[in-house]
1. Restrict the check to segment 97-106 and report whether at least one residue is at pLDDT 85 or above, among the aliphatic types (A, V, I, L, M), open to solvent by less than 100 Å² (accessible area, probe 1.4 Å) and assigned to a helix (DSSP H, G or I).
2. Filter segment 157-176 for residues that are of a type in the set (Lys, Arg) and surrounded by 10 or more Cβ atoms within 10 Å (Cβ to Cβ); which is nearest to Glu85 (Cα to Cα)?
3. With respect to Ala73, determine if the residue is modelled with pLDDT of 85 or more, assigned to a helix (DSSP H, G or I) and either under 26 Å from Tyr194 (Cα atoms) or open to solvent by less than 80 Å² (accessible area, probe 1.4 Å) (or both).
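The values are calculated or read from the model by the stated rules, or taken from the named source; none is laboratory data. The shown structure was predicted, so the numbers you read here are calculated from the model rather than taken from an experiment. All Cβ positions, even for glycine, are placed from backbone atoms using ideal geometry, and neighbour counts span all protein chains on display. SASA here: full protein model, heavy atoms, side chains in, ligands and nucleic acids out. Shrake-Rupley method; radii C 1.70, N 1.55, O 1.52, S 1.80 Å.
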Amino acid sequence: SIGNKIKLENIEASHELQIRQKQIEINKLELGKNRNERWFFTIVILFLLIIGILFFNRQRLQQRRLDAEKKMAEHELSVSQVQLEQFRQNVLEKSKLVEQFATEIERYKLKEQSVSDESTLQMLEQSTILTDEQWENFRVLFEKVHKGFFIRIKEKIPDLTPGELRFLALSKLKLTPKEMGAMLGISASTIRNYRLRLRRKL
């Protein structure tokens, strides 16, 4: 009948309307999902970018710190070398003065001066320029320039005497036996004896 046909058409239209509404809802959900995914990937990329920038800045700061430490070490080494050379020159100047005094006293001896001149000569001949304190200052400066020198020498020759150790340090500075003798307050022959003993030990 016509009534039933109209009802059937209305039902079909209603079903079609519901299907369209559901399709619209599905499309909205898909659109929201895609939008959320885009936001998620955008946030992840920004996060990775921030981490990369922070890592790069940290590496750059660390490199700057290492460069600064290297320059500081080079500066300290340069200063130590200058101080060691100044110390060496100072001692050499003192040794020249002692030689001058010894020459003058020898003149007085030839002219048969008093016993006091004899005792003065004897004191000068037995005196040492490098006191323990001066030797310690010298050793510290020497170690800054020639790192580990004394440790290596002691490992190779454990039974070195303090005098032989000083002789080796002065030899490292390429001083003449006369200069070494003046600095240590000993004669050139004693320096030669040190050299002979060291050759036997080696």
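1. no
2. Applying the filter and picking the extreme gives Lys172.
3. yes
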